[in-house]
Amino acid sequence: MAAKKIILDLPPSGNTRLMPIKGRMINSPKYRQWKENASWSVKAQLCGAAPIDKPVMTVIKLVYKNNRRRDYDNVVKCVNDALTQGGAIADDSLIYCAFTYRDKVDKEHGDKVEIELYRLNDMDSDGLDAVQANLSQIMESLAKDC
């Protein structure tokens, strides 16, 4: 099974995602707008494909325009919500395995999230070997940059 690939703009930072209203925390207008746009983008990139309703693995590559410090786990929650709302996966509880990494700075094309979705139940040993090889290449590339 080939991976589904989806590219989204980075969501708002975790510090601006929630806002207090009457003693409760709700999603900010900026985050709600990002989530709506991201969900439509997911739908457009899937071209009508049915949501994955089996266990899935995600590989999330974060590409930034600069080296500013960021907390990547806030991005993961937002991306998972957009994948679910956009119809890529039936429910984010189906994500059994996730690999997230920060790629090199790209001043021209940065501030995006590249997602690969792998349906685990459909993979034979060759498919799993291919994913492992891909992850190994990513890790080697990251190690060279450190």
Report task. Please enumerate the residues belonging to segment 41-71 that are farther than 29 Å from LYS104 by Cβ, of a type in the set (Lys, Arg) and not in a helix (DSSP H, G or I). Result -> LYS54
Requested in this report: May I ask you to verify whether VAL75 is touching a strand residue (DSSP E or B) at 6+ places or on another chain (Cβ under 7 Å), in a helix (DSSP H, G or I) and of a type outside the set (Asp, Glu)?
Outcome: yes
**Report entry** Selection from segment 34-75 of residues that are under 11 Å from the mean Cα position of the chain (by Cα) and loosely packed, with under 13 Cβ neighbours inside 10 Å
**Finding:** ASP73
Query raised in the report: Can you find a residue in segment 95-105 that is small (Gly, Ala, Ser), surrounded by fewer than 16 Cβ atoms within 10 Å (Cβ to Cβ) and farther than 23 Å from SER136 by Cβ?
Result: no
Report task. Look through segment 106-146, keep the residues that are acidic (Asp, Glu) and at pLDDT 75 or above, and return whichever of them is surrounded by the fewest Cβ atoms within 10 Å (Cβ to Cβ). Result -> GLU108
Query raised in the report: Is one or more of the residues making up segment 18-26 touching a residue at least 60 places away in the same chain (Cβ under 8 Å) and either touching a strand residue (DSSP E or B) at 6+ places or on another chain (Cβ under 8 Å) or of a type in the set (S, T, N, Q) (or both)?
Result: no
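The values are calculated or read from the model by the stated rules, or taken from the named source; none is laboratory data. Keep in mind that what you see is a predicted model, and the values were worked out from it rather than measured. Cβ sites come from the backbone with ideal geometry, for glycine too, and all protein chains shown count toward neighbours.
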